[in-house]
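Readers should treat all values here as calculations from the given coordinates under stated rules, not as data from a laboratory. Just so you know, these numbers come straight off a predicted model, no measurement behind them. Cβ sites come from the backbone with ideal geometry, for glycine too, and all protein chains shown count toward neighbours.
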Amino acid sequence: IITATPANVTQEQALHMAARNGRISFFGGLPKTDPTITCDSNLVHYRQLHIHGANGSAPEHNKRALQYIASGQVPVKDLITRHIKLEDALHAFDIVAKGEAIKVTVEP
């Protein structure tokens, strides 16, 4: 499970959803004003969960990711939920804030 969001509840849910011997990656950092979660230690113990943090990437990672996307090895077309023209760029913030889209591209 990869929790790539700055939401405490997501990390807590990952603990409950992980299978036995599951791996959980806390990729999204939490707000400095609320950085803690409730962790049921028995879930970690009895399911033998592996929890680790992940942060950032190196230029080589970005290059490799672009190659995977360009070659079609990693399909990404369905990841973009809305396309906005450049002149409507400010509207993109409203769309995301209202929950009408998750990933918005601004295109010339």
Quiz item: So how much slack lies between GLU100 and SER25, counting 0.36 nm per residue of separation and subtracting their Cα-Cα distance, in nm?
Solution: 24.3 nm
Quiz item: How much net charge surrounds THR3 when only other residues with a Cβ under 13 Å from its Cβ are counted (Lys, Arg +1; Asp, Glu -1)?
Solution: 0
Quiz item: Hey, any idea what the orientation-averaged projected area of the convex hull of segment 56-108's Cα atoms comes to, in nm²?
Solution: 4.8
Quiz item: In degrees from 0 to 90, rounded to the nearest 10, what is the angle of the helix 59-71 Cα long axis to the longest principal axis of the chain?
Solution: 70
Quiz prompt | Calculated diffusion of the chain, Stokes-Einstein form, Kirkwood radius summed over Cα pairs, 10 °C and 1.306 mPa s, µm²/s | solution = 95
Self-check item: Gaussian network model of the chain, springs between alpha carbon atoms under 10 Å - residue of ALA97, ALA14, ALA58 with greatest fluctuation
Solution: ALA97
